[in-house]
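Heads up: the structure comes next, in structure tokens.
The values are calculated or read from the model by the stated rules, or taken from the named source; none is laboratory data. What you are looking at is a predicted structure, and each value in this text was computed from that prediction instead of being measured. Ideal geometry is used to build each Cβ from the backbone, glycine not excepted, and the neighbour counts take in all protein chains shown.
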Amino acid sequence: MTKVRIVMALAAIVAAYGLYLAIAAPPEAVQRTYARILHIHAPSAWLAFLAFFVTAFGSIMWRVRRKPVWDRLAASSAEIGVLFTGLALVTGMIWGKPVWGVYFDWADARMASTALMFLVYLGYLALRRATPDPQLRAARASILGIVAVVQVPLVYFSVNLVRTLHQTPTIRPGGSPIHPAMLQALMVNLAAFTLIYIALLMGRMVVGRLEEEAASAFEPVAGAAVVPPRLNGAVDV
Amino acid sequence: MTTHALEIARHDLLVERRAKETLTVVVPFGLAALIALPMAIGIDLPLISRIGPAAYWSTSLLFGMQIAWRNTVADTGPNRDLITLLGVSPVSRFWGRAIASAVLLVAFMFLLGVAAILLFSPQIPLTPWMLLIVLLFATGLAIVATLAADITSGLSGRSPLASVLVVPLALPLLVGAAQAVESLSRGSGILPWLLMLAAVEIVLAVAGTLAAKPLEEAAR
């Protein structure tokens, strides 16, 4: 757990610096100070995408190697991905109300597809919870983990495929149109969120291993039902 | 492989014809949902007519997916082993199940469609395009629901869990079908929506085919 604490401490330092930069950055020309919430919203969304790719990677590796650690990686990353997706949705709604006039715009491809992605991965976690046998759980969840990742690029590129309210990617190859101070704050916050993701992932994997060990400690071993014959008057020693 | 898939589909439909689970359970349940909606809205005939197509597609999705995990096709271990020992590949088994579910879904949606027209009087043109939209929707839903039925096979609380998996994955089908009908009634082009339905269908078909063998192993 020491490594987790080190990464978490590092994440806290970078996040504090990111928060300072987000507050110190100039207000956006049109959205004014509302735009500052994007320093949480955008990194959350990016980390959600990364988390679901890691889930798919863990699922593929489990199918190839059949080692519990890969399943643990997939499950842990999916849990954190759902957390970040929820955070991206909530912060998007908080920002959307004053800027767009609504909390949730059904006509917006990015919002609708993100909500859909959130539901799919909630289903993934529900499937894991409903399958008590670890081997069976890993086998079934790995299939869903691989199938579900197909939608992630669709969610990301939805703003390019369908012209909707949501803006197209701000950070793109060949330069970014935003103010350098805002870009710097965004990149520092992205680094902070990435560190938070790594710390949470490491911590969750440790907890997952402990859970597996605790569960296996109570599993009956072969021959547990066989007891030696007891003679009359015998006492336990 | 095709012969095996068609044979499994024929067998499933035969069992369904005898058990009549879809006809006696799923269809009445779907009709009850269609009747409950206008009652919840109240006496507003133009509104009821306007939401008719939406009620039809939602009911088709939420109740239609139950067809894929009807009790008559619930696989027991010995049954699954027998099919494997007969030399039937998991892919054939998957497609056989999906084809049978698609046939039942089309029948279910037809009955539901008649009820929706009678209950809601929606302003939609009944052209052959409608049949194609229903076919695409039913096939896609059958594939995704069969996939979910296989993933949740043998689990306790299987039905709600499978629903949680199917609904988000089937929402693109719902959007495509509903928007295609909307475009049809407006007189605008439906080709983009049909292409979207077809694309989703292809992705689901590829996922189902690739997942069939691993799911067969996971069920043991």
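Filter the stretch A:126-144 down to the residues that are outside any helix (DSSP H, G or I) and more than 8 Å from chain B (Cβ to nearest Cβ), then identify the one that is farthest from B:Ser163 (Cα to Cα). Looking at residues that are outside any helix (DSSP H, G or I) and more than 8 Å from chain B (Cβ to nearest Cβ), I get A:Asp133. Evaluating B:Glu182 against the criteria (1) within 14 Å of chain A (Cβ to nearest Cβ); (2) without any contact (Cβ under 8 Å) to a residue 40 or more places away in the chain; (3) over 24 Å from A:Tyr121 (Cα atoms) leaves one unmet condition, (2).
Every listed requirement among (1) facing chain A (nearest Cβ under 10 Å); (2) under 13 Å from the mean Cα position of the chain (by Cα); (3) of a type in the set (A, V, I, L, M); (4) over 22 Å from A:Ser113 (Cβ atoms) is met by B:Ala148 save one, (4). If only residues of the stretch B:185-202 that are within 12 Å of another protein chain (Cβ to nearest Cβ) and surrounded by fewer than 18 Cβ atoms within 10 Å (Cβ to Cβ) are counted, the one that is farthest from B:Gly140 (Cα to Cα) is B:Pro192.
Taken over the stretch A:145-163, the criterion of being within 9 Å of chain B (Cβ to nearest Cβ) and buried (at least 18 other Cβ atoms within 10 Å of the Cβ) is satisfied by A:Ile146, A:Val147, A:Ala148, A:Gln151.
Scan the stretch A:22-43 for residues that are in contact with a Lys or Arg (Cβ under 9 Å, 6 or more places away or on another chain) and either hydrophobic (A, V, I, L, M, F, W, C) or touching a residue at least 60 places away in the same chain (Cβ under 8 Å) (or both) and jot them down.
The initial filter retains those residues of the stretch A:22-43 that are in contact with a Lys or Arg (Cβ under 9 Å, 6 or more places away or on another chain), namely A:22-23, A:25, A:27-28.
Within the stretch A:22-43, A:Ala22, A:Ile23, A:Ala25, A:Glu28 qualify.
Looking only at the stretch A:51-68, filter to residues that are free of Cβ contacts under 8 Å to residues at least 60 places away in the same chain and assigned to a helix (DSSP H, G or I); which one of those is farthest from B:Lys213 (Cα to Cα)? Per the criteria, the residue is A:Phe57.
The set of residues in the stretch B:185-220 that are polar (S, T, N, Q) and at pLDDT below 90 comprises B:Ser185, B:Ser188.
Of A:Gly81, A:Gly92, A:Gly123, A:Gly86, which residue is out of contact with any Lys or Arg (no Cβ under 8 Å at 6 or more places or on another chain), in a helix (DSSP H, G or I) and within 11 Å of chain B (Cβ to nearest Cβ)? None of the others qualify; the one that does is A:Gly123. For B:Ala205, the requirement of being facing chain A (nearest Cβ under 9 Å) and in contact with a helix residue (DSSP H, G or I) (Cβ under 8 Å, 6 or more places away or on another chain) is not met. Taking the conditions exactly as written (over 13 Å from the mean Cα position of the chain (by Cα) and either small (Gly, Ala, Ser) or surrounded by fewer than 22 Cβ atoms within 10 Å (Cβ to Cβ) (or both)), does A:Arg140 satisfy them or not? No: the conditions fail for A:Arg140.
Evaluating B:Val106 against the criteria (1) within 16 Å of the chain's Cα centre (by Cα); (2) crowded, with 24+ Cβ neighbours inside 10 Å leaves one unmet condition, (2). Being of a type outside the set (D, E, K, R) and more than 22 Å from B:Gly96 (Cα to Cα) is a property that holds for B:Ala33.
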